[in-house]
Amino acid sequence: MTPNHVLLTGAFGFVGSHLARHLVGAGKRVSIVERAGANGAAIADLLGRARGEAPSMAPAVHEAGPGGRAPEALPAGSRRGGVEVFSFRDRPDELFAFMAAARPDVVVHLASLFIAEHKPEEIGPLITTNVQFGTVLLEAMALAGVRRLVNTGTSWEHFHDAAYNPVCLYAATKKAFDDIAEFYAQAHGMRRVTLKLFDTYGPGDRRPKLFKALRQAAARGETLRMSAGEQLIDLVYIDDVVAAFARAIDLVAGTATGPQGTGDAIAGEGPHPPALPVGQSATGPEFGVSAGRRLRLRDLVETFGAVSGKPVPVEWGARPYRKREVMVPWTRFTPLPGWAPQIGLEEGIRRIFQREPWREGE
């Protein structure tokens with residue numbers, strides 16, 4: 001089956017927005033499920049609008065009708081190369097109706113709430129976003145007969161390289177959802193691939209992550225107070241991350257070619273599915289998406305300054321390591337078959353500044 005129609009969650013986020021843009025550029029029909037009121041600025045170009053301007057040709061933004069009735073304008077294969085957005089208002093019946101009408105070939109689940117060190121009041125949002133919403137999505141897929149899922153996990157599920165040892169509650173919720181997905185896979189014959197991500201970076205990243213802090217400190221000449229900087233970092237450039245998801249879509253759809261991509265990549269279909277590594281689920285293998293290169297935080301900061309042309313003033317050891325700091329990233333993962341990172345750190349930093357040159361005061 002050729003995956004011509006892909007449904008995304010988390011398309012307004014960093015990875016999701018880049019993936020949505022890639023899929024549209026490849027001529028795919030893209031449906032997006034996002035929470036009502038979510039900020040779509042990251043894909044404003046795809047949504048047919050720019051800040052402060054009225055859209056010249058707005059996409060279909062579907063609100064299910066009374067009683068959860070499905071929106072009308074969703075014939076199979078329509079709007080190929082465009083986007084449709086379903087606004088989820090915490091009403092499962094509406095999502096069920098939308099999924100039944102849309103019937104995508106593959107669902108890519110990227111939506112999540114990341115909190116490295118949670119506060120008590122953040123437990124509810126973590127569970128709601130990372131477990132409950134995903135479970136409603138799986139139920140919608142099961143009811144609609146949609147059987148192919150690309151899920152997103154995290155290397156932080158493997159503290160100290162363990163088979164399972166979550167770094168934080170966020171990582172635990174990702175594993176909890178994957179366990180629920182295993183039930184749906186077994187009970188409803190779903191096929192899934194889980195990509196476990198390490199750190200990601202690239203242009204268009206508005207998250208309060210390391211590169212943003214380095215850039216602001218360098219531009220303003222402000223000293224950045226950091227830990228001792230001995231932890232190892234595994235950074236994957238966004239184009240490589242997108243390529244990994246594109247590969248996973250083909251794997252779960254059974255259309256992948258090349259190394260270990262024979263069309264029967266996921267067990268459950270085809271006469272001779274390949275053997276999976278020990279410990280892998282037959283209904284949902286998991287793969288690590290790693291840069292294949294780890295470097296100390298200190299060396300990363302030095303590289304950033306050298307490539308960008310603006311050294312970053314840092315006071316090393318000014319802050320303690322956080323609880324359960326990941327000093328060495330996960331290594332005992334299965335690589336994604338048929339995929340390898342293409343963009344090294346130095347080239348990735350250069351690409352960021354080609355797209356987003358220094359601004360006065362940042």
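Derivation of every value follows stated rules applied to the coordinates shown; laboratory data play no part. On a predicted model such as this, the values are computed, not experimentally measured, just so you know. Cβ coordinates were reconstructed from backbone atoms using ideal geometry, including for glycine residues, and neighbour counts include every protein chain displayed.
Rounded to the nearest 0.05, the FRET efficiency derived from the C-beta distance between E362 and T135 at R0 = 45 Å is 0.65.
Candidate cross-link partners of K174 among the aspartates and glutamates, defined by an alpha-carbon separation under 12 Å and a same-chain spacing of 8 or more, comprise E157. Here the peptides 170-182, 233-245, 332-344 are ranked by packing, the mean other Cβ count within 10 Å, and the order with the highest first is 233-245, 170-182, 332-344. The distance linking segment 203-259 with segment 326-362 is 5 Å (Cα centroid to Cα centroid, whole angstrom). Within straight-line reach of K310, meaning a Cα separation under 24 Å, sit the following lysines at least 8 residues removed in sequence or on another chain: K209, K212.
Mean projection of the alpha-carbon convex hull of segment 286-362 over all orientations, in nm²?
Numbers: hull surface 29.7 nm².
Answer in nm², one decimal: 7.4.
If the cut-off is 21 Å between C-alpha atoms, which lysines fall inside it for K175, apart from same-chain ones fewer than 8 positions away? Partners within reach: K119, K196, K323.
Can you compute the FRET efficiency between H188 and L295 using 1/(1 + (r/R0)^6), with r the Cβ-Cβ distance and R0 = 45 Å? Round to the nearest 0.05. Can you show the working numbers first?
Details: r = 43 Å, r/R0 = 0.95.
For H188 and L295, the calculated efficiency is 0.55.
Rounded to the nearest 0.05, what FRET efficiency do R350 and E325 have when you use their Cβ-Cβ distance and R0 = 22 Å?
Numbers: r = 29 Å, r/R0 = 1.33.
The pair R350/E325 has a calculated efficiency of 0.15.
With a ≥ b ≥ c taken as the square roots of the eigenvalues of the C-alpha gyration tensor of segment 161-249, please select rounded if a/c is under 1.5 and otherwise prolate if a/b is larger than b/c or oblate if it is not? Cα axes put segment 161-249 in the prolate bin.
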